[in-house]
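Undergrad: Could you have a look at this structure, given as structure tokens, before my questions?
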Amino acid sequence: MAISLKAPYSLPVTRASAHFSNRFITSRATFSPVNFHRKLRTSIDDTNFSRRRVGLRARTIVQSVLETEKSTKTEKPESPVRMVALVGKGEVSPLKSTSWHEVMLHTARRLKWVDEGYEMLVFDDEILRSSDQRAMNLKQEMNQTDILVVVAVTNSESVKWIQTNSENIKNVICFESSPELMNRLGGTDFRSGNKDNEATEVVKTVGDAWERRNSDDIRFCLLVIINAYVRPVPVLQNLRSKGFSTLGCMVKNCGPQILNCLLDPNCRKALQCLNKCSPVDQVCSYRCIASYESPYFEAFSLCVLQKHNCLELDAKIPDKPYVPPMTSFRGKELCHETAEDLFVGWLGDLDWSWRVAAGQNPAYDQFPCQYQLFYRGKGKSSFWYEPVFQVRTLEGNLVWRRRRYSVKRGKTPATFRLSVLDNGVVSNEFWTIVDVSDDLSWGLFHYNGAARVAGQSYTGAVLVTPDGSYPAEKERERLQSALEKCGIKEWELFAVDNCSCENPPLGIPEGSRLHSKIGITKEPDLVQGIEM
């Protein structure tokens, strides 16, 4: 869950500005005409088998991933948003050296999770140097496109072709391409020193997101452009300024909490940090929150957001992607009790249920030393989840954090509804056990969630193992199959740093209950084994 406690900007929402030039580049350098220049983030692991969130999506399962209940509404559908992406032939991305062509194809699929009307066609620039029908077809597509996205194009012939054939396109955004290419927003070329505040904020938001080098933020870059210059994006529409009504609500209902927060150094720093984030930038927001947690900040958020919803926001748990739960374990049909036992995992033999080896969501899955504690409470149907993790604060300190979720069974075994009060704001999440190996050597858990009054919705997945190491190569085929069900590519995963995890604040309440169906036993060659 991420929140922004400032009154959001009117469309579009963006992060605070830095220096700009004509190109999109990373925020630590100026923005130049065409690209966010690549600032390579070191690959966490050279194998395609180790990134932090779970997921790989193939065409053969697109229908499964996008499956949702049919809408009963009869509203007239909006016209589609048309995009064309041109990528340099053979150019590789910093996402585990995956080709930019594959990255953008996957982005096109993930845009459909936000709105089925978002259509992006992806081409490599080799087609531009051909004289056959393919080039003519591309020209026709560009004549009706709303946004042209150029990625890693440096060939001089391709650059000239783009300059000649993009004159009538209102929005052109270029990443890591030739400096001769120019960004265009809303029909106006964006140059260094541009005085258009709206365009400057959009460029800053997109630049900061692109710098983080992950699939979520690549998609986010496009959504920001669509929201600002084509048509409103539903997931960004919640975060609009409500004017004086927001301020009036805060002063009327939360005066003492506001004063206490401003007088507390950590709470004040949290607000100042959040004020520099775009309201839709969950990575930026949650890093501020996790860095400067305090009782005063929690009280402030609880009053302003959770109790009185002064920002008048509303977000719902996403229904896409649909991820089917596992249905059997060790050859037997999965029941609710066994599914809960799979969450409990190694707790009892180890001091934790699972450790996170990798995850996908850049806001919530990139923290070091993540321990999961799942356990049954004293009540007959009570079940709890407590993640314990480290945070490297913005001031460079390494601190432990812990949350406590209430867990309820879903309608189907291996599905669960979780709820947590995180720094004063309630987040509700829908979790799915996608797969767990027979020997409990690894598991894959997917989640969709929303912090309603913070106007934030999100999706993600975690790959878990007993010791936080990546699963063995022999498990790769089964793991990839599980990832495909989540619609996430393996190169999207972040490897969790599990190197320096001394003295985690673990432990569960006295009287808690653990397994109901599964027993954990030591085995000589494995960390653990299981008995049914």
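The values are calculated or read from the model by the stated rules, or taken from the named source; none is laboratory data. None of the values given here were measured: they were computed from a predicted structure. Cβ atoms come from the backbone with ideal geometry, glycine included; neighbour counts cover every protein chain shown. Just so you know, the surface numbers come from the protein's heavy atoms only, side chains and all, with ligands and any DNA or RNA stripped out. Shrake-Rupley method; radii C 1.70, N 1.55, O 1.52, S 1.80 Å.
Undergrad: Name the shape class, rounded, prolate or oblate, that the alpha-carbon gyration tensor gives for region 391-440, where a ≥ b ≥ c are the square roots of its eigenvalues, rounded holds for a/c under 1.5, and otherwise prolate holds if a/b is larger than b/c and oblate otherwise. Intermediate results must be reported in sequence, preceding the final value.
TA: Numbers: a/c = 3.74, a/b = 1.61, b/c = 2.33.
Note, shape of region 391-440 comes out oblate.
Undergrad: Just subtract the alpha-carbon distance of Asp132 and Ser381 from 0.36 nm times their residue separation and send over the number in nm, one decimal. List each step's numbers first, then the result.
TA: Details: separation 249, 0.36 × 249 = 89.64 nm, distance 6.61 nm.
Extra length available between Asp132 and Ser381 comes to 83.0 nm.
Undergrad: Per residue, how much accessible area does region 121-168 show when a 1.4 Å probe rolls over the protein heavy atoms, in square angstrom?
TA: Ligands and nucleic acids excluded, the figure is 53 Å² per residue.
Undergrad: How big is the accessible area of Thr393 in square angstrom, nearest 10, if you roll a 1.4 angstrom probe over the protein chains?
TA: 10 Å²
Undergrad: How much accessible area per residue does region 413-532 have, in Å², with a 1.4 Å probe?
TA: Details: 4590 Å² over 120 residues.
Per-residue accessible area for region 413-532 comes out at 38 Å².
Undergrad: Another question, if that's okay. Roughly how much of Ser512 is accessible, in Å² to the nearest 10, using a 1.4 Å probe?
TA: Per-residue accessible area (Ser512): approximately 30 Å².
Undergrad: Gain in length, Ser156 to Glu116, computed as 0.36 nm per residue apart minus the alpha-carbon separation, to one decimal in nm?
TA: Numbers: separation 40, 0.36 × 40 = 14.40 nm, distance 3.51 nm.
Computed gain between Ser156 and Glu116 is 10.9 nm.
Undergrad: Using a Förster distance of 60 Å, how high is the FRET efficiency between Glu337 and Lys252, based on the Cβ-Cβ distance and rounded to 0.05?
TA: The computed FRET efficiency comes out at 0.80.
Undergrad: Can you list the HN-Hα couplings for region 492-497, worked out from phi with the Karplus curve (6.51, -1.76, 1.60; θ = phi - 60°), rounded to whole Hz and with x for Gly and Pro?
TA: Along region 492-497, the couplings run 7, 6, 9, 6, 7, 6 Hz.
Undergrad: For region 311-362 and region 80-104, what is the separation of their Cα centres, given in Å?
TA: Cα centres, region 311-362 to region 80-104: 31 Å.
Undergrad: Assign one of three labels to region 387-532, namely rounded, prolate or oblate, based on the Cα gyration tensor with a ≥ b ≥ c the square roots of its eigenvalues; rounded applies when a/c is under 1.5, prolate when it is not and a/b is larger than b/c, and oblate otherwise.
TA: Working: a/c = 1.31, a/b = 1.24, b/c = 1.06.
Rounded, since a/c falls under 1.5.
Undergrad: My understanding is that a pair violates if its Cα-Cα distance is over 27 Å; which of Lys96/Lys204; Lys89/Lys112; Lys307/Lys408; Lys170/Lys489; Lys411/Lys485 do that in this structure?
TA: Numbers: Lys96/Lys204 25 Å; Lys89/Lys112 25 Å; Lys307/Lys408 23 Å; Lys170/Lys489 32 Å; Lys411/Lys485 19 Å.
Violating the 27 Å Cα-Cα cut-off are Lys170/Lys489.
Undergrad: How much of the accessible area of region 385-532, in percent, comes from carbon and sulfur atoms when a 1.4 Å probe is used? Mind showing how you got there, number by number?
TA: On the way: 2800 of 6100 Å².
The nonpolar share, carbon plus sulfur, comes to 46 percent.
Undergrad: Write out the GluC sites (Glu not before Pro) in region 308-366 meeting two conditions: DSSP loop, and at most 16 other Cβ atoms within 10 Å of their Cβ. Could you put the intermediate results ahead of the total?
TA: Values: sites: Glu312, Glu333, Glu337, Glu340; in loops: Glu312.
Here the sparse-neighbourhood loop sites are Glu312.
Undergrad: Cα to Cα, under 12 Å, and not fewer than 8 places away if on the same chain: which aspartates and glutamates meet these conditions relative to Lys378?
TA: The reachable aspartates and glutamates, counting only those whose Cα sits under 12 Å from Lys378, are Glu510.
Undergrad: Moving to a separate point now. Kindly report, to the nearest 10 Å², the accessible surface of Cys221 as traced by a 1.4 Å probe over protein heavy atoms only.
TA: Accessible area, nearest 10 Å²: 0 Å².
Undergrad: Can I ask one more? Out of region 160-233, which GluC sites (Glu not before Pro) are coil in DSSP terms and have no more than 10 other C-beta atoms within 10 Å? Don't skip to the end; give the middle numbers.
TA: Details: sites: Glu167, Glu176, Glu180, Glu198, Glu201, Glu211; in loops: Glu167, Glu176, Glu180.
Those satisfying the criteria are Glu167.
Undergrad: Next question, about the same structure. Under 1.5 on a/c is rounded, so check that first for region 263-317, then, if it is not, pick prolate when a/b is larger than b/c and oblate when it is not; a ≥ b ≥ c are the square roots of the alpha carbon gyration tensor eigenvalues.
TA: Cα axes put region 263-317 in the oblate bin.
Undergrad: Starting from the Cα of Ser79, move 7 Å in the Cα-to-Cβ direction to define the label point; list residues of region 109-131 whose amide nitrogen is under 15 Å from there.
TA: Residues passing the 15 Å test: 117-119.
Undergrad: Any idea how far apart Arg402 and Leu263 come out in nm if each label point goes 7 Å out from Cα toward Cβ?
TA: Reported label-point gap for Arg402 and Leu263 is 3.0 nm.
Undergrad: Averaged per residue, what accessible surface does region 312-399 expose to a 1.4 Å probe, in Å²?
TA: 38 Å²
Undergrad: For region 203-314, what % of the accessible area comes from carbon and sulfur atoms, probe 1.4 Å? Display every interim value, and only then the final one.
TA: Working: 2370 of 4160 Å².
In region 203-314, the share of accessible area belonging to carbon and sulfur is 57 percent.
Undergrad: What whole number of Å gives the distance from the Cα centroid of region 379-458 to the Cα centroid of region 127-161?
TA: 44 Å
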